[in-house]
1. Considering the rotational relationship between chains B and A, which residue of chain B contributes the beta-carbon of minimal distance to the axis, and what is that distance to the nearest Å?
2. Calculate the all-directions average of the projected area of region B:1-48's alpha-carbon convex hull, and give it in nm².
3. What do you get for the angle between helix A:347-356 and the principal long axis of chain A? Use alpha-carbon atoms, 0 to 90 degrees, nearest ten.
4. For region A:345-387, taking Cα atoms only, what is the radius of gyration to one decimal and the Dmax to the nearest whole Å?
5. Can you give me the long-range amide H partners of B:Glu265? Hydrogens built in the peptide plane at 1.01 Å from N, cutoff under 5 Å, separation of 5 or more residues or another chain.
6. What is the spin-label model distance, in nm, from A:Thr61 to A:Arg130 if the labels are put 7 Å beyond Cα along the C-beta direction?
7. Which value in nm describes the separation of the simple spin-label points at A:Thr159 and A:Arg69, placed 7 Å from the Cα toward the beta carbon?
8. Could you work out the relative contact order of region A:18-260? I mean the mean sequence separation of Cα pairs under 8 Å and 6+ apart, divided by the number of residues, in percent.
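Values in this text are rule-based calculations from the coordinates and carry no lab data. Values in this document were obtained by computation on a predicted structure and should not be read as measured data. Cβ placement follows ideal geometry from the backbone for every residue including glycine, while neighbour counts extend to all protein chains displayed.
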2 protein chains.
Amino acid sequence: MTVQLEPTPDHVPLPAGFRAAGLHCGLKKNGALDLGLLLADEPVGAGAIYTQNQLVGAHVTVCRDHLARSGGLVRAVLVNARNANCATGEQGIADARHCCAQLAARVRCPVEQVLMLSTGPIGAPLPTERIVGHLDALLEHASIDGAMDFARAIMTTDTYPKALHASGMTRTTGFAKGSGMIHPNMATMLGFLLTDGAATPGQSVPQLLRAVADRSFHRVTVDGDTSPNDTLVLLASGRTRSADLEATVTRLAQRLARTIAADGEGATRLVTIEVRGARDEHEATLVGRTIATSPLVKTAVAGRDPNWGRILSAAGRAGVAFPAERARVWVGPADVYSGGKPHPQNEPAAHRHLTDDTLVTLGVDLAVGTASADVWTCDFTKDYVQINADYRS
Amino acid sequence: MTVQLEPTPDHVPLPAGFRAAGLHCGLKKNGALDLGLLLADEPVGAGAIYTQNQLVGAHVTVCRDHLARSGGLVRAVLVNARNANCATGEQGIADARHCCAQLAARVRCPVEQVLMLSTGPIGAPLPTERIVGHLDALLEHASIDGAMDFARAIMTTDTYPKALHASGMTRTTGFAKGSGMIHPNMATMLGFLLTDGAATPGQSVPQLLRAVADRSFHRVTVDGDTSPNDTLVLLASGRTRSADLEATVTRLAQRLARTIAADGEGATRLVTIEVRGARDEHEATLVGRTIATSPLVKTAVAGRDPNWGRILSAAGRAGVAFPAERARVWVGPADVYSGGKPHPQNEPAAHRHLTDDTLVTLGVDLAVGTASADVWTCDFTKDYVQINADYRS
C-alpha cells in the first residue's frame, strides 16, 4: 500500500548548468541503481541542513567540513544507497573523504567542493572500492537528462522515485527519498534542491535553505523518528534573478515533502494537518506536528474514523495554550467539534471523506490568533508494524 | 494479547481507616462494575496531579477547586467509568459538582472534601441520575474488603484489575487503570494511592505525591498520547510514622506503573528502558521516554529484533547531548553496541532474550555522568493498530 500523488514522470528536466546520473555499482542486491551524482558546470552556492540526532553518519561530518572550507561552494554531490556509513567510526569518515577526493580528482576541483551522502543500513563499512570503481562511468553518464536516474539511485524503501521540477522566472528541480526512518536499521530522509536562481541580496544560500525547510521538510513526519543521516542540500547557480525564488523553491519543497508522507511505509492516506488561528507560525507548526505524530490520530485515519477527540487531545498536549472550549476541529468538509461540543450529525460526512478520498484533511482552529501552518503525514496501518517488526526475521 | 506480571489476587487489603466499594450503576453495557468509591473514616491529607492537556475533563476543574477550598483534605473519592464527562462544557462541571454534593450530604462532610473522577468516552453528558441513584448502595457496600471491587469498577480497556498493597512500618494500597490513552475516544490513566503513613515534616502530601509520580507514573508510556482526564490521587491518613514513606509509596507506584505498560493494548512484552551514565536524572528520564515512545523501537520488540541502531538513534534525538561513539547499548544480557561499533556476534543472545522473556530490557549508557532512570513501556503490535483503527466501525 502506498499513495502516489501523480504518475511517475518519464523525464524531469534539470536547471541549466546542472547534470545528473545514476548507475548500479553493486550495493543493492537486485541490480537496481544505487550510486547517484549531481554535477554543476561550475562551482555553485550551496547550503545544507543536517539531522539533529546525536548519532550522525560519517557524511554529515564530512559535508560540514567541506562546506566550511569551500566557503559554501559545490561542484559535485555523490550519493550512495544501501549503506549509511554510520556507526562506522573514524574509518567511516576516512572512507567518505576518500570517495570525495577520488571524485574531485576526476572533476578537477578542490576536494572540499565535493559532497558525499549515504543512506541505507547502519553499522557496515562503506564499500569504497565499488563506489570509486564506478566514478568514471558515473561521470560519463552525467547529463542534462539524468534526473530520473539520480532519483532512482537514491531510493531505499521508497516505492517510487521522487523528482519534481518547477519553471518560471527560474528553474528548480528537487529530489527526495524517504520515507519513514525505517529501513533496515533505519533509513534516511535525503533531499536535494537545484536551482538556477539566485538568493536575494542579503540572503545567503544557507539562509534561503533554512527558510524553505522550515515550511516544507520540517513539516513532514512519518513516524517521528529521525535518522542519523537526514540531510537536505540546496545548490543555487544564480544564473537567473527572481524576487520570489524563496517562494518558488518553498512550493517545490512542499510538494516533495508531501510525496515523502504519501509514500510512508504502509500508508493508505496522505494526511494534511491544517492548523489555523494560532498565535504564530511556530506554535501552529508545533500543534500540527503533535497531531501528525499521534499514533491515536494516525490509527483513527487508518480506520476511517473521524475521531475529533483524538485530534483535539493531541493538539492539547503540544505545549501550546489555547481554550479548548473555543477551538474548532474539522475532518475534510465536516465540522466535528466547535462551541465546546462535538457534532455527531456531521460525522457521516467526515467518515465519507476519510473513506473516499486518498488525500485527507484534518484541521484545528485554536482561536487565539491568525497564524497557520500545514503539516503532512500518513496514516498508521498494520502494514507499518509488519514491515518494521519483520525486517530482519 | 497482554502481559500480566502476577496473578490477579482475590483480595487486597486497605490501610487502616480506609474503605472501598464498587458496583454496577448501568454505565457499562455488560453489567460490569462501573462506579467506585474510596472512603476515609475522617478527613485525610490529599494531593492530586492532573493531565497537562489543554483539553481537560470536568473532573479536573472540580478536583482542583475542591482541594483548594478544603485545604487539601478529602473524605471520599467517587469514580465512574464509561463516561469521561469531557468536552461537556459548563453542564459537565455542574454535573460533577452535583454528584459530589449528593455524596457529601450522605457522608455528612463539606462538599469540597469529596473528589469525583471520570473515565471513558468523551463528549457525552454524564448520566448523573444513574450515579446519584446508586450512592446509597455504594456507601452501604463500602468496607475494608472492597479494594478489588473498586479496582474492577474503574477498569475500561484494562484486561485485568490493578490493585497492589505494600505493608511494613506503614500500609499502602494503590490502584490504577490504563492503559493506552485509547478507548473509545481515548481512555485515561487514573491512579490512586492510599496510605496510613504521614509525609515527613516539611513535606506536604502534594509534594510527596509529586516526588513519587516523577519516579513512577511519569515514567510509563504506552503510546505517547495523554488524555484530558489523567489524574493521580494520593490520600495519606498519617496514622503511622515512617521515615521512608516516600520510598515505600514510590516502589508501590512503580509496580502499578509497570502493570499499566504490561497491560498496554496489544502488548506482548513489558519493556524496561534502562538509561545509565546520564548527567542527571531528568536527562536520563528524557532519553528513556524518547526510546519508550519510538514506534521503531517498539515495533522492533514486537518483531523480536535486537535493533541497536533504532535504540541509539532514538536516544540521539532526545535533546540530550552525548558522544555516540562512547555510548553503550544492551538488549537483555547482550552488549550489542559499544566502542563506536555494533557487535553482531552478540545479537543471537539478544534475540533469545526478546523471544523467550516476557519482561524485556533495553539499555543505553550515555557515558556522560552517573545518573540513571528506568522507563516502562510495551511493544507495538498489529493488534494495537487493529484495536485503535476499528473501535467505532
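1. That would be B:Lys382, 2.
2. Working: hull surface 23.9 nm².
With every direction weighted equally, the projected area is 6.0 nm².
3. 30
4. When restricted to Cα atoms, region A:345-387 yields Rg and Dmax of 14.3, 42 Å.
5. Here nothing satisfies the definition.
6. Distance between label points: 2.2 nm.
7. The answer from the label model is 4.3 nm.
8. 25
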